[in-house]
Amino acid sequence: MVRDTWATRTGFILAAVGSAVGLGNIWRFPFLTGESGGAVFVVVYLALVALIGLPVMLVEFVIGRRSERNPVGAFRRLGHPSWKFAGAIGALAGFIILSYYSVVGGWVLQYIVASFSGGYTGDTGAFFVQTASGTNAIIYHAIFMALVAGIVSLGVRDGLERAAKLMVPSVIVLLVILAVYAATLPDTGPGYEFYLSPNVDTFASDAVNILPAAAGQAFFTLSLGMGVMITYSSYLGEDRNLLNDSLIIVAIDTFIAILAGLVTFPFLASQGQDLVQDGGGAGAVFISLAAAFETMPAGHLVGGVFFIMLAVAALTSAFSILEMVVSYVVDTFDIARVPATLALAAIIFVIGLPTAMDLNYLDAYDKFANNILLIAGGLVLSLFIGWVFASDALEELGQGRGGNGGFDTYWINVVRYVVPIALLVTLALAIQEYVEFLQTTFF
Ligand code: TRP
């Protein structure tokens, strides 16, 4: 059987960018930056994206293109079936992440409605609290999940590629407009300072929290650690230059996150909100944007368009997660695709219910899946490539137009030594921090 490959040259990049760009950039990045000390967090995050994120993305690409399989089949095909537990870690992470991703996606849907109906006028903080609790949060969680399940069961990959093609430039244009508008407002100084001027003391006193948060965010925003990028690159032709493609994906994804911060923090400051208290919550971006749309010219229209684009970005990301979980279950248990999709979507909806009712649960799911499971997944994949499969991996990376100069040697050394050590350290910190978090939050 001849396997499908991406129909167009850009199809793969569009799909990968569609997966990477999502709530992680626009909701989670500003939220964590606020919670983790501002600019210091941004610096650590950028360093980890370059030092760990890019090499791990290439690890996934190499496994995917070499095996032409999703994570379940990949390790068998490569002759190392015992490593397939990496796929199980990824599938578990996907279950948990999608369950609350859909809840946040539901918030976005509510903000679309509110933009056009004038719903968030007045106290936008109170409006966020109302959005994120009560039956409406559950109903919109169900609607978002149904949309994702619908897209996956129809198998409309082309439609999704087209959506990503429109979504990414629109999101960038809208964020630039908002960032410029933010710069014209009064009293934004503390916002820029908090976001852009790193304070070394903050890092010294809080490295235990900042490191795992930044590593988890690097994995989350780039869709790493779960095998999504293995699956996407399994349809990739040998002529593509993997380094080139990964640089494009990482650059676009990082640019959008940085822009989101340039919108959120000046807005929060200008609105007189406490950056750490108000800005450090899951509502940061929603509260500040809604208040900004209240005052800016044609604000509700801009807001409506913005939240629609954000919903599309969230859907293309959520699609990649559900697809991954569905292929894992279909391949492992030999069930038909459509019933598997519907059943899994229903289960994931139920798992997400606590996070629709209480933000502490959302935090608990989020920290566990990202700071622990994704990092563990990335660790296993990197150990496999660095220590078991290195020479084939180097050969695979070298395929494709142009060649990579001296990068390949640098890459394999980073994957062997730097990535495992860094991920082990952050994993240990993350577990320690998680236990403390559970104790202070729930007991
Ligand atoms: N990267 C997406 C975002 O930033 C979320 C996402 C999609 C994801 N697929 C993933 C996260 C796979 C981890 C693993 O919104």
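Which is within 16 Å of the ligand (Cβ to nearest atom) and β-branched (Val, Ile, Thr), of Val21, Val62, Val40, Val44? Can you show your working first?
Details: Val62 fails: within 16 Å of the ligand (Cβ to nearest atom); Val40 fails: within 16 Å of the ligand (Cβ to nearest atom); Val44 fails: within 16 Å of the ligand (Cβ to nearest atom).
Residue meeting the stated conditions: Val21.
Ser153 - would you say it is at pLDDT 90 or above and among the hydroxyl-bearing types (Ser, Thr, Tyr)?
No, not satisfied.
Going residue by residue through segment 66-83, is there one that turns out to be in a loop (DSSP other than H, G, I, E, B), under 30 Å from Phe407 (Cα atoms) and free of Cβ contacts under 8 Å to residues at least 40 places away in the same chain?
Residues of segment 66-83 that are in a loop (DSSP other than H, G, I, E, B), as a first pass: 68-70, 78-80.
Imposing the further condition that a residue be under 30 Å from Phe407 (Cα atoms) reduces the set to 68-70, 78-80.
Retained after the next criterion (residues that are free of Cβ contacts under 8 Å to residues at least 40 places away in the same chain): 79.
Looking through segment 66-83, at least one residue is in a loop (DSSP other than H, G, I, E, B), under 30 Å from Phe407 (Cα atoms) and free of Cβ contacts under 8 Å to residues at least 40 places away in the same chain.
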Residue satisfying all of: in segment 34-67; under 17 Å from Tyr328 (Cβ atoms) and of a type outside the set (Gly, Ala, Ser); farthest from the chain's Cα centre (by Cα) among these
Ile63
Flag for Pro186 being outside any helix (DSSP H, G or I), farther than 26 Å from Leu109 by Cβ and modelled with pLDDT of 90 or more:
yes
Say whether the condition of being within 21 Å of the chain's Cα centre (by Cα) and farther than 25 Å from Phe31 by Cα is met by at least one residue in segment 128-145.
no
All but one of (1) in a helix (DSSP H, G or I); (2) within 16 Å of the ligand (Cβ to nearest atom); (3) of a type outside the set (Asp, Glu) hold for Asn209; state the number of the condition that does not hold.
(2)
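Given the criterion assigned to a helix (DSSP H, G or I) and surrounded by 17 or more Cβ atoms within 10 Å (Cβ to Cβ), identify the matching residue among Trp387, Trp411.
Trp411
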What's the number of the condition Glu238 fails, among (1) over 16 Å from Val171 (Cβ atoms); (2) within 14 Å of the ligand (Cβ to nearest atom); (3) charged (D, E, K, R)?
(2)
In segment 390-413, residues that are in contact (Cβ under 8 Å) with a residue 24 or more places away in the chain and in contact with a Gly (Cβ under 9 Å, 6 or more places away or on another chain) total 4
Between Ser246, Ser223, Ser233, which is within 20 Å of the chain's Cα centre (by Cα), farther than 24 Å from Ile96 by Cα and within 16 Å of the ligand (Cβ to nearest atom)?
Ser246
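Only one of Phe307, Phe293 is out of contact with any strand residue (DSSP E or B) (no Cβ under 9 Å at 6 or more places or on another chain), under 12 Å from Gly105 (Cα atoms) and more than 13 Å from the ligand (Cβ to nearest atom). Can you tell me which?
Values: Phe293 fails: under 12 Å from Gly105 (Cα atoms).
That would be Phe307, the only listed residue that is out of contact with any strand residue (DSSP E or B) (no Cβ under 9 Å at 6 or more places or on another chain), under 12 Å from Gly105 (Cα atoms) and more than 13 Å from the ligand (Cβ to nearest atom).
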Where the second residue is within 16 Å of the ligand (Cβ to nearest atom) and assigned to a loop (DSSP other than H, G, I, E, B) and the first is touching a residue at least 40 places away in the same chain (Cβ under 8 Å) and lies in segment 228-242, which pairs have Cβ atoms under 9 Å and are six or more apart or on separate chains?
Met229/Leu222; Met229/Ser223; Ile230/Asn70; Thr231/Asn70; Tyr232/Ser223; Ser234/Asn70
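Out of all the residues in segment 299-336, which are of a type in the set (Asp, Glu) and under 19 Å from Asp158 (Cβ atoms)? Quick ask: steps written out before the conclusion?
Residues of segment 299-336 that are of a type in the set (Asp, Glu), as a first pass: 323, 331, 334.
Scanning segment 299-336 gives a single hit, Glu323.
The values are calculated or read from the model by the stated rules, or taken from the named source; none is laboratory data. Since the structure is predicted, the reported quantities are computational estimates derived from the model, not experimental observations. Don't worry about glycine lacking a Cβ; one is built from the backbone with ideal geometry, like all the others, and counts go over all protein chains shown.
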